[in-house]
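Participant: Below: one structure in structure tokens.
Values quoted throughout were computed directly from the atomic coordinates according to the rules given, and no laboratory measurement underlies them. All values reported here derive from a predicted model rather than from experimental measurement. All Cβ positions, glycine included, derive from the backbone under ideal geometry; neighbour counts span all protein chains shown.
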Amino acid sequence: MRKVLVCVGASALASMFVPGIRAEAQDSGLAGMHSWVRSGGRTCMADHYHDGSGTGRTRAQAQAAAIRAWAEFTAWEYGSRWGRYSAAASKSMSCSGSAGNFSCQTSARPCRY
């Protein structure tokens, strides 16, 4: 039992002082539970999509809010490398509303370089 505690403690200390260990863990998140495919120099989730929605006074503001919501949640769940909307695949965006009150929804498969 004591050997197990020593090993766990040593691992915890190593992760605090070896930068690569913590960064690697942060960037993998829960991504390993999904199938991945290579696409255009990126690694993408094969069939898993994330969604984001946003509102704004203009269509552009609502689109930016939807993209920001997608990116923030994806980065939180899988790590910062997966949370870049610019790298995502199979993107779709739909918006509705009129001047002063727009709403947009986006969906995309997370990818990383």
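Participant: Can you give the FRET efficiency for R57 and S80, using 1/(1 + (r/R0)^6), R0 = 22 Å, r = Cβ-Cβ distance, to the nearest 0.05? It would help to have the intermediate numbers written out before the result.
Facilitator: Details: r = 29 Å, r/R0 = 1.33.
Step by step, r from the Cβ atoms, then E = 0.15.
Participant: Along the Cα-to-C-beta direction of A89, a point sits 7 Å from the Cα; which residues of segment 53-73 have their amide N less than 20 Å from that point?
Facilitator: 70-71
Participant: Which ³J(HN,Hα) values, rounded to whole Hz and listed in residue order, are derived for segment 77-92 from phi using the Karplus coefficients 6.51, -1.76 and 1.60 in 6.51 cos²θ - 1.76 cosθ + 1.60 with θ = phi - 60°, glycine and proline given as x?
Facilitator: Rounded to whole hertz, the list is 7, 10, x, 4, 5, 7, x, 9, 4, 4, 8, 5, 10, 6, 6, 9.
Participant: Let me ask something else about it. Tally Lys/Arg at +1 and Asp/Glu at -1 over every other residue whose Cβ is under 11 Å from the Cβ of T106; what's the total? Each step should come with its number before you reach the end.
Facilitator: Working: positive: R68, K91; negative: D51.
Once positives and negatives cancel, what remains is +1.
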